[in-house]
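Undergrad: Please see the structure below; I have some questions.
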Amino acid sequence: MAVLNYAPTKTNLMRLKNDLKFAQQGFELLDQKRNILIIELLSLIDQTSDYQSRVEAAMAKAYESLEEAVFDMGQLKVHTLTGAVNMSTDITVSTRRVMGITLPVIETRFTEHPPYYSPMGTSFRIDSALQYFKEALQLLGRLSELRISVLRLANEVKKTIRKVNALEKIAIPSLTETVHYIEGRLEENERDMFVLMKMVKRNLEKKALSSKDL
């Protein structure tokens, strides 16, 4: 690992030690964030798979009931009955946060104004189809919420992993090596200064003895 370009001074040593400490703390926090995000992501992936299956099952039941209603009453009457359904759908989108990441929360509500049609001469299949389509719509809202959350979390996990790797494999090793390099240079300078001072002292003592002899 290349040593960073810093002059071997005590001031730079103190600054680099603070930078190293900050980088190590940042690494620990990002590593914790990465682990929490991965756990949350895996949980949402499992839920997404479950809701995907539930949506497919609800849609299959809804279309099956609708086809059976058409078989019982005819396509024209089913079309007329479905047009008589007086129901409004309210889809609200709020948010929640996971480790600073904004994730959607989707809620689907129905406002109904029954009865929609007379039960006389009407197949119960049309009611079943209506209920299954409502269920499928609610499940689709939740599935959309989960898919968006998975995408956002996966993107944030990638970013966090890149930051963790940069700190772990580049920044921290470079700072550590530079700190050791400067410490070594300062120690070497102190030894050289100590030797130099001893030589100066010895020379001064020799000169003092020479002066006395004169």
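Undergrad: Pull up the stretch 83-115, narrow it to residues that are modelled with pLDDT of 80 or more, charged (D, E, K, R) and out of contact with any Phe, Trp or Tyr (no Cβ under 8 Å at 6 or more places or on another chain), then point me to the one that is most open to solvent (accessible area, probe 1.4 Å).
TA: R97
Conditions tested, residue by residue: (1) under 15 Å from L175 (Cβ atoms); (2) touching a strand residue (DSSP E or B) at 6+ places or on another chain (Cβ under 9 Å); (3) exposed (fewer than 13 other Cβ atoms within 10 Å of the Cβ).
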{"residue": "N5", "(1), (2), (3)": "yes, no, yes"}
{"residue": "L20", "(1), (2), (3)": "yes, no, no"}
{"residue": "Q25", "(1), (2), (3)": "yes, no, yes"}
{"residue": "L41", "(1), (2), (3)": "no, no, no"}
{"residue": "D46", "(1), (2), (3)": "no, no, yes"}
{"residue": "R54", "(1), (2), (3)": "no, no, no"}
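Undergrad: Just to be sure I understand the filter: pairs with C-beta atoms under 8 Å, separated by 6 or more residues or on different chains, first member in the stretch 75-93 and closer than 23 Å to F124 by Cα and among the hydrophobic types (A, V, I, L, M, F, W, C), second member at pLDDT 75 or above and in a strand (DSSP E or B). Which pairs pass?
TA: M87/F110; M87/T111; M87/E112
Undergrad: Residues that are in a helix (DSSP H, G or I), in contact (Cβ under 8 Å) with a residue 40 or more places away in the chain and more than 17 Å from the chain's Cα centre (by Cα): does the stretch 21-40 have at least one? Lay out the reasoning, then the answer.
TA: Quick first cut of the stretch 21-40, residues in a helix (DSSP H, G or I) only: 21-40.
When the remaining residues are screened for being in contact (Cβ under 8 Å) with a residue 40 or more places away in the chain, the result is 23-24, 26-27, 30-31, 33-34, 36-38, 40.
If we keep only those that are more than 17 Å from the chain's Cα centre (by Cα) as well, we get 23-24.
Among the residues of the stretch 21-40, at least one is in a helix (DSSP H, G or I), in contact (Cβ under 8 Å) with a residue 40 or more places away in the chain and more than 17 Å from the chain's Cα centre (by Cα), which makes the answer yes.
Undergrad: Let me ask something else about it. Here are some residues: K61, K77, K134. Which one is open to solvent by less than 40 Å² (accessible area, probe 1.4 Å) and of a type in the set (D, E, K, R)?
TA: Just a single option satisfies the conditions, and that option is K134.
Undergrad: Evaluate the following for R185: is it modelled with pLDDT of 80 or more, of a type in the set (D, E, K, R) and part of a helix (DSSP H, G or I)?
TA: yes
Yes/no matrix, rows are residues, columns are (1) modelled with pLDDT under 85; (2) farther than 17 Å from T82 by Cβ; (3) out of contact with any Ser or Thr (no Cβ under 9 Å at 6 or more places or on another chain); (4) open to solvent by 100 Å² or more (accessible area, probe 1.4 Å):
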position	(1), (2), (3), (4)
Y117	yes, no, no, no
R142	no, yes, no, no
R152	no, yes, no, yes
T176	no, yes, yes, no
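Undergrad: Could you figure out which of (1) within 30 Å of T102 (Cβ to Cβ); (2) out of contact with any Phe, Trp or Tyr (no Cβ under 9 Å at 6 or more places or on another chain) isn't true of M59?
TA: (2)
Undergrad: Are there any pairs, at least 6 apart or on different chains, whose C-beta atoms fall under 8 Å, with the first in the stretch 155-174 and closer than 13 Å to D31 by Cα and the second charged (D, E, K, R), and if so, which?
TA: Filtered contacts from the stretch 155-174: V157/R34; T160/K33; T160/R34; I161/R34; V164/D31; V164/R34.
The values are calculated or read from the model by the stated rules, or taken from the named source; none is laboratory data. This one's a predicted model, so the numbers in the text were calculated from it and none came from an experiment. For neighbour counting, all protein chains shown are included, and Cβ atoms are generated from backbone atoms with ideal geometry for every residue, glycine included. Just the protein is used for accessible areas: all its heavy atoms, side chains included, with ligands, DNA and RNA removed. Shrake-Rupley method; radii C 1.70, N 1.55, O 1.52, S 1.80 Å.
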